[in-house]
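The values are calculated or read from the model by the stated rules, or taken from the named source; none is laboratory data. Keep in mind that what you see is a predicted model, and the values were worked out from it rather than measured. Cβ placement follows ideal geometry from the backbone for every residue including glycine, while neighbour counts extend to all protein chains displayed. Protein only, heavy atoms only, side chains kept; ligands, DNA and RNA dropped before computing areas. Shrake-Rupley method; radii C 1.70, N 1.55, O 1.52, S 1.80 Å.
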Amino acid sequence: QVQLVESGGGLVQAGGSLTLSCAASERTFRHYAMGWFRQAPGEEREFVTAIDWSSDSTNYANSVKGRFTVSRNNAKNTVYLQMNSLKPEDTAVYYCAADSRYRDFDQDEPDYWGPGIQVTVSS
């Protein structure tokens, strides 16, 4: 069982930056693909990004491509989401997720989820 906890959320002005972190409890963290989803008020949860276990492959939603960067540190059991040029439409609860498979991470619901953390971008 993988436990995930997000941190680093908060309030930021449009155009600003924010970095989210997700710490995993599992010692075999390095075997899991990791990713981020988000859910805005009144909207369905949507895929943001994913990274495979070795950091060789990443995938981004078109809406964040070029602005967000996902990375991981397997020695620290942590995955990061660097968010730049933030827009009010990026306001959402951001969820960290883990799955044993990287393929179709954006389509199949991952096995493990964090509780979520709020990111609010003011205009």
* Structure fact -> accessible surface per residue for the chain, probe 1.4 Å, DNA/RNA/ligands not counted, whole Å² -> 53
* Listed highest first by mean packing, meaning other Cβ atoms within 10 Å per residue, what order do 59-68, 96-105 come in? -> 96-105, 59-68
* Candidates Asp90, Asp106, Asp56, ranked by Gaussian network fluctuation over the chain, Cα under 10 Å, top entry -> Asp56
* Asked: What residues have an amide H closer than 5 Å to that of Arg72, excluding those fewer than 5 places away on the same chain, when H is modeled at 1.01 Å from N in the peptide plane?
  -> Tyr80
* Asked: Put a dot 7 Å past each Cα toward the Cβ at Ser123 and Ser85; how far apart are the dots in nm?
  -> 1.9
* At a 1.4 Å probe, what is the % contribution of carbon and sulfur to the accessible area of the chain? -> 43
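What is the extension gain from Arg27 to Lys65, computed as 0.36 nm multiplied by their sequence separation minus the C-alpha to C-alpha distance, in nm to one decimal?
Details: separation 38, 0.36 × 38 = 13.68 nm, distance 3.03 nm.
Stretched fully, the Arg27-Lys65 segment lengthens by 10.7 nm.
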* Asked: Tell me, what is the FRET efficiency for Gln3 and Glu109 to the nearest 0.05, using R0 = 22 angstrom and their Cβ-Cβ distance as r?
  -> 0.80
* To do: Specify, per residue and in Å³, the volume enclosed by the convex hull of the alpha carbon atoms belonging to the range 1-80.
  => 111
